[in-house]
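The values are calculated or read from the model by the stated rules, or taken from the named source; none is laboratory data. As the structure is a prediction and not an experimental result, all values here were calculated from the model. Quick reminder, even Gly has a Cβ in these numbers, built from the backbone with ideal geometry, and neighbours come from all protein chains shown.
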Amino acid sequence: MPVMTVNDGNLATAVEAPSSAPAVRSDGQGLVPTVAALPPATTKRWVIRRKAAVVSAVRAGVLTLEEACQRYHLSVEEFLSWQRLIDRHGMRGLRATRLQDYRLQRPLQTG
């Protein structure tokens, strides 16, 4: 299966792309994921590499934020949270099972 590279600033990770389409194109400054390399619009299970691929595509201008949210039935807040987690914690921040570890700890306020 072809591979595209998703760079989160700290770590470049290989992401599998559908075999029928090119995974990346060159824009003269580097490699950019193509729409054909993105997860299917019917995706229900959001593993790290799929989230990272969508964030990378929006950042590269392959999809607009609105197109990504419509295509994947995401809220803007959900997409922006993926983007923030990548910026703050790298791709590991996208792990749903570890989300509590990356949230800011706030002291409880008593009345």
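Counting only helices (runs of 4 or more DSSP H) that fall entirely inside the range 22-111 and contain at least 1 residues that are at pLDDT below 95 and hydrophobic (A, V, I, L, M, F, W, C), the qualifying elements are 48-60, 76-89, 99-102.
Taking each residue of the range 64-89 that is farther than 19 Å from Pro40 by Cα and looking for partners that are buried (at least 16 other Cβ atoms within 10 Å of the Cβ) with beta-carbon atoms closer than 6 Å, six or more apart or interchain, yields Gln83/Val55; Leu85/Gly93; Leu85/Leu94; Ile86/Asp8; Ile86/Val55.
When the range 68-77 is filtered for residues that are among the charged types (D, E, K, R) and either surrounded by 14 or more Cβ atoms within 10 Å (Cβ to Cβ) or within 11 Å of Val35 (Cα to Cα) (or both), only Arg71 remains. Against the condition buried (at least 19 other Cβ atoms within 10 Å of the Cβ) and either in contact with a Leu (Cβ under 8 Å, 6 or more places away or on another chain) or of a type in the set (A, V, I, L, M, F, W, C) (or both), how does Leu65 come out, does it pass? Taking the combined requirement at face value, the residue does not satisfy it. From the residues in the range 32-54 that are surrounded by 14 or more Cβ atoms within 10 Å (Cβ to Cβ) and hydroxyl-bearing (Ser, Thr, Tyr), which one is nearest to Arg71 (Cα to Cα)? Once the filter is applied, the top-ranked residue is Thr43.
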